[in-house]
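Okay, structure first, notes after.
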Amino acid sequence: MSIRRKIGVIGARGFVGAELLTLISAHTQLELSYASSRQRAGEAIEGAPGKIYETLTPVEAAQRGADLVFLALPNGVATQWVEAITKTAPDTRFIDMSADYRFDPDWHYGLPEQNRDALRGAKHIANPGCYASAAQIAIAPVVDVLAAPPAVFGVSGYSGAGTTPSPRNDPQKLSDNLMPYGLSGHIHEREISQHLGTPVHFMPHVAAFFRGLSVTVNLCFKTPLGEDDLRNRYQQAYDNEPFVTVMDEAPQVRDIANCQGAQVGGFALSADGRRAVMVCVLDNLLKGAASQAMQNLNLVFGFDETTGLTPKPH
């Protein structure tokens, strides 16, 4: 019998933390070591018999001996946990769900479709942002022929704003509304640009639905592309990817809620072949966060990448 890897979750109260706990419980090679949440301390953890939420300090977490720790924390607080746990348990592996390490060259950027080989056996992984994942999936197959920065119009469900009350997760303020925010210099704009190696213009919005997101991407090309060439680029990039589905039509958010993969399509090509519009949708809590992190965990430990997950049908 194979040894089950012990997993810790820091910041288990939030939407992403809850999804991680569900995925850990469904994974045959994993065992939950602990889940730390001040707000839920003492409550039973669904799907983990005998386990309760705890309130742990970084030093206490370090003493629990997890093989890998998910950091499902707000931006700006991961470092204290990484440093304290590493000091006591230097072999611990980390997958950080925040933006804290996405620009750090000492951490591997966890978008498997672009960086799979580097993730195998990695010790430190920065899980990508939800918008950044969708935008890169939509742009990467044509990044070498772009003539101008892609324009990315994004709309996310309000779960993307987290559980801390704000206008962006207030159903009353979102009712009959589409709320723009961070329209210049958003951290996802910098993340997409850095990891694609080309400038990108990003315009995020939040809407009244709970989960899922859509990006509509305007792409301008140096030389004309034919429809077959455009389609072939996406099919060659993703036909063998277990969690990306290429579609003829533009995919819709409602079709990917609670799904662990992304859908990309549309293929709206201008008459002169110099401009195309592509759409990518994914569940921001899953392929945009938790199930993508589980893909990365599988690569870290040498499991089949789809273990504990539901890949696209073939």
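The values are calculated or read from the model by the stated rules, or taken from the named source; none is laboratory data. Predicted model, so just to flag it, every value in this text is computed and none were measured. Please note: Cβ atoms are built from the backbone with ideal geometry, for glycine as well, and neighbour counts cover all protein chains shown.
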*Scan segment 178-192 and give yes if some residue there is more than 26 Å from Val145 (Cβ to Cβ), touching a residue at least 40 places away in the same chain (Cβ under 8 Å), part of a loop (DSSP other than H, G, I, E, B) and not assigned by TED's automatic domain parsing to the domain that holds Gln114, otherwise no.*
no
*Hey, which of the strands (runs of 3 or more DSSP E) in segment 210-311, taking only ones fully inside, have at least 2 residues that are outside the structural domain of Gly14 (by TED's automatic domain parsing), among the polar types (S, T, N, Q) and in contact (Cβ under 8 Å) with a residue 24 or more places away in the chain?*
213-220
*asked:* Given the options Pro74, Pro128, name the one that is touching a residue at least 60 places away in the same chain (Cβ under 8 Å) and either surrounded by 17 or more Cβ atoms within 10 Å (Cβ to Cβ) or touching a strand residue (DSSP E or B) at 6+ places or on another chain (Cβ under 6 Å) (or both).
replied: Pro128
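Yes/no per residue for (1) surrounded by fewer than 22 Cβ atoms within 10 Å (Cβ to Cβ); (2) of a type in the set (Ser, Thr, Tyr); (3) out of contact with any Leu (no Cβ under 7 Å at 6 or more places or on another chain):
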site	(1), (2), (3)
Val244	no, no, yes
Ser270	yes, yes, yes
Ala276	yes, no, no
Leu286	no, no, yes
Gln292	no, no, yes
Thr310	yes, yes, yes
*Test Asp117 against the stated conditions and say whether it is surrounded by fewer than 22 Cβ atoms within 10 Å (Cβ to Cβ) and not assigned by TED's automatic domain parsing to the domain that holds Met278.*
yes
*Yes or no: Tyr131 within 16 Å of Thr216 (Cβ to Cβ) and aromatic (Phe, Trp, Tyr)?*
yes
*Look at Arg13 and say whether it is at pLDDT below 95 and closer than 29 Å to Ala132 by Cα.*
yes
_Go through segment 28-49 and report how many residues are touching a helix residue (DSSP H, G or I) at 6+ places or on another chain (Cβ under 8 Å) and among the polar types (S, T, N, Q)._
3
*Can you pull out the residues in segment 161-176 that are in a loop (DSSP other than H, G, I, E, B), exposed (fewer than 12 other Cβ atoms within 10 Å of the Cβ) and not hydroxyl-bearing (Ser, Thr, Tyr)?*
Pro165, Asp176
*What number goes with the only condition from (1) more than 15 Å from the chain's Cα centre (by Cα); (2) at pLDDT below 95; (3) outside any loop (DSSP other than H, G, I, E, B); (4) closer than 26 Å to Leu213 by Cα that Phe153 does not pass?*
(2)
*asked:* Which count do you get for residues in segment 83-114 that are free of Cβ contacts under 8 Å to residues at least 40 places away in the same chain and touching a Phe, Trp or Tyr at 6+ places or on another chain (Cβ under 7 Å)?
replied: 2
